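Notes for the one structure printed next.
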Amino acid sequence: MFLSVFDMFKVGIGPSSSHTMGPMVAAARFLDSLRASPFHFYGLRASLHGSLAFTGVGHATDRATILGLAGFEPATYDAEKAEAALARIKETTVIEAPGLGPLAFDPAKDLLFDYGPSLSGHANGMILKATDAQGDVILEETYYSIGGGFVLTAAELAEAAGAKSTARADVPYPFETAAEMLEMAGKSGMTIAAMKRANELKFRSAAELDAGINRLWQVMNDCISRGMLGEGILPGGLKVRRRAKGIHDALMAERGLNQTPPHTINDWMSLYAMAVNEENAAGGQVVTAPTNGAAGVVPAVLRYYLDHVPGASPAKVGEFLLTASAIGGLCKHNASISGAECGCQAEVGSAAAMGAAGLAAVLGGTPEQIENAAEIALEHHLGMTCDPVKGLVQVPCIERNGLGAIKAVSAASLSLRGDGQHLVSLDVCIETMRQTGHDMHQKYKETSLGGLAVNVPNC
């Protein structure tokens, strides 16, 4: 299976790729099904299941579903138009779906949070229905938001599971494990980024690839910059203050004093990551990296490289992101990047592995050192739960991205001190993450039913 750099990094909106972007994408797909159907539809219904139900309000899943059914999509989201549409739907109980005309939809009655067992395919499940004039369901589809904004129907999920062991992508370097990646790098003499680039060029021109990568970094970097200027209280009721601006102002004031301790560099890394995740928590534009909940790690490591590493070159941004996406693809293909499936080890852990690999690459690491960097970063996130307080992507998510960025940089540095030989392979670490996620109690996997979510007063 080929996962593009534009699959692993997608421009979207906060606060969650799986709980906000995914449902919006699913709803857009459902509209396409309605447009292709010979039936005439009069109404819509939706039900959210598993983690989408338990943390749906905190993750704005209800809003995202309604807006998706109204024709909004993450990549072109307009916040002002969205607010107007939501108010209109609430008042009229009618959705004006593009190409379909008015459809009856009362958010209070037609959007159900089902707090029973999850659907069988994945912890993030939703069912969308279209009805006739009598209110009978005449078209229905089950969707699964499997992390990072990826969405599959129930049939597609079953097909993907059946084909996983035999399918090989039609690309020059179709590695599905880190071992295969290193073997191909050794035989070809190419870097991981070069192999990934060759694979990407199978589907788009070099100019399109470079322009797309540059846009990804532009959106990431703009998000950091906005986050360092943002002030006030984040939405959702926890009354979490935005801290990035204060940290940035203090760090800038300390520059040039010649009394700053060396560990202050950690504050810069945390600042960049927290700025992104405060923007994400506020519903701003972010890039999934590989998810929204972990969106701050990769941009923070890349910004650290560009702003703080002597000799850093903006020309290496593509190498960084291509390498990072290759590692993220391995995590997703062989385990998961979904907090609802494998806990936060799958989100911030995968992001840290991606950031560590990207940094090791632009600092001149060999493929073996890059694989080692990714393994170190992921290994030391194993077992990390996903227990967001009040179902919001704020506590512990925002600070956790900062610490993930610090771990990523440390992992890259450690790997470059060695020759790439190490005991635990990245493949073993990814498989361990998969097994750990499978064994992890459901209450620690983005349901807000355990951990910090039940031990921190949140009302």
Quiz item: Hey, does the range 304-325 have a residue that's of a type in the set (Gly, Ala, Ser), touching a Lys or Arg at 6+ places or on another chain (Cβ under 9 Å) and either surrounded by fewer than 24 Cβ atoms within 10 Å (Cβ to Cβ) or within 22 Å of Gly420 (Cβ to Cβ) (or both)?
Solution: yes
Exercise. Sort out which residues of the range 337-353 are small (Gly, Ala, Ser) and touching a Lys or Arg at 6+ places or on another chain (Cβ under 7 Å), and write them in order of number.
Key: Gly339, Ala340, Gly343, Ala352
Quiz item: Out of all the residues in the range 5-59, which are hydroxyl-bearing (Ser, Thr, Tyr) and either under 14 Å from the mean Cα position of the chain (by Cα) or under 18 Å from Gly293 (Cα atoms) (or both)?
Solution: Ser16, Ser17, Ser18, Thr20, Ser51, Thr55
Quiz item: So which strands (runs of 3 or more DSSP E) stay within the range 60-157 end to end and still have 1 or more residues that are in contact (Cβ under 8 Å) with a residue 40 or more places away in the chain, out of contact with any Gly (no Cβ under 6 Å at 6 or more places or on another chain) and under 16 Å from Met24 (Cβ atoms)?
Solution: 94-97, 111-114, 124-131, 137-147, 150-153
Exercise. Identify, from the list Leu257, Leu302, Leu271, Leu306, the residue that is of a type in the set (A, V, I, L, M, F, W, C) and closer than 22 Å to Pro235 by Cβ.
Key: Leu271
Quiz item: Could you give every pair whose Cβ atoms fall below 9 Å, whose first residue belongs to the range 259-272 and is under 10 Å from Ile406 (Cα atoms), and whose second residue is in a helix (DSSP H, G or I) and among the basic types (Lys, Arg), counting only separations of at least 6 or pairs across chains?
Solution: Trp268/Arg303; Met269/Arg303
Quiz item: Just checking, which of Glu140, Glu183, Glu200 is out of contact with any Ser or Thr (no Cβ under 8 Å at 6 or more places or on another chain) and over 30 Å from Ser47 (Cβ atoms)?
Solution: Glu183
Exercise. Taking Ser350 as the residue in question, decide whether it is in a helix (DSSP H, G or I), surrounded by fewer than 24 Cβ atoms within 10 Å (Cβ to Cβ) and hydroxyl-bearing (Ser, Thr, Tyr).
Key: no
Quiz item: Is it the case that Val25 is assigned by TED's automatic domain parsing to the domain that holds Ala79, at pLDDT 95 or above and β-branched (Val, Ile, Thr)?
Solution: yes
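The values are calculated or read from the model by the stated rules, or taken from the named source; none is laboratory data. Since this is a predicted model, take the numbers as computed values, not measurements. Every residue, glycine among them, receives a Cβ derived from its backbone with ideal geometry; neighbour counts consider all protein chains shown.
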